[in-house]
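For reference, the structure is listed below as structure tokens.
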Amino acid sequence: MSDSLLSAISAETSALQQFIAILEEEQKLLIGGDADAVLPLIDKKTVLIAALGNAGQQRESALQQRWQQLLELAQTANRLNNTNGQLINTRMQYNQQALSILINAGTSISDDTYGPDGHKSTGSGSRPLGRA
């Protein structure tokens, strides 16, 4: 994770822990019936709520930046993958064409060819392309 994202999450976690501590203190005072002691906690809660809001905005901003970067990388990977697929298909077509030429060359020895004695060959004396 980026430093800004980690920092924002850390700040938000810290503010939330402090807020929970104040809420627990407030609860004890309310259970004990000491309503007057609750009033000073309101200011502390207000400050922490603002800190939570700020930390949350920073976290969202950092997440948005990272998300945008992730989307851009995914688009680049997709574009490269498509290009590589096209290159592979082109190479396969060339290989298929070359193979077809070689196969046809081996089977197209017809009656129109002449043997070493100068007579038309019947094809029975022809050799496969793989042998010399």
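The values are calculated or read from the model by the stated rules, or taken from the named source; none is laboratory data. The model shown is predicted, which means the values in this text are computed figures rather than measured ones. Positions of Cβ are backbone-derived with ideal geometry, glycine not excepted, and every protein chain shown enters the neighbour counts.
Kindly check whether there is at least one residue in the range 36-50 that is charged (D, E, K, R), within 46 Å of the chain's Cα centre (by Cα) and surrounded by 14 or more Cβ atoms within 10 Å (Cβ to Cβ).
Checking the range 36-50: at least one residue is charged (D, E, K, R), within 46 Å of the chain's Cα centre (by Cα) and surrounded by 14 or more Cβ atoms within 10 Å (Cβ to Cβ).
Specify the residue that is nearest to the chain's Cα centre (by Cα); the eligible residues are those in the range 56-79 that are more than 25 Å from residue 10 (Cβ to Cβ) and hydrophobic (A, V, I, L, M, F, W, C).
Applying the filter and picking the extreme gives 74.
Residue 33 fails exactly one of the following numbered conditions: (1) assigned to a helix (DSSP H, G or I); (2) more than 30 Å from residue 68 (Cβ to Cβ). What is the number of that condition?
(1)
Of everything in the range 11-35, what is among the small types (Gly, Ala, Ser) and either surrounded by 12 or more Cβ atoms within 10 Å (Cβ to Cβ) or within 18 Å of residue 48 (Cα to Cα) (or both)? Give them in sequence order.
Of everything in the range 11-35, those that are among the small types (Gly, Ala, Ser) and either surrounded by 12 or more Cβ atoms within 10 Å (Cβ to Cβ) or within 18 Å of residue 48 (Cα to Cα) (or both) turn out to be 11, 14, 15, 21.
In this structure, is residue 8 among the aliphatic types (A, V, I, L, M) and surrounded by 15 or more Cβ atoms within 10 Å (Cβ to Cβ)?
yes
Determine, yes or no, whether residue 24 is at pLDDT 95 or above, closer than 19 Å to residue 5 by Cα and not aromatic (Phe, Trp, Tyr).
So residue 24 does not fit the description; no.
Go through the range 52-103 residue by residue and tally those that are touching a helix residue (DSSP H, G or I) at 6+ places or on another chain (Cβ under 6 Å) and either more than 15 Å from residue 5 (Cα to Cα) or surrounded by fewer than 10 Cβ atoms within 10 Å (Cβ to Cβ) (or both).
Here the count works out to 0.
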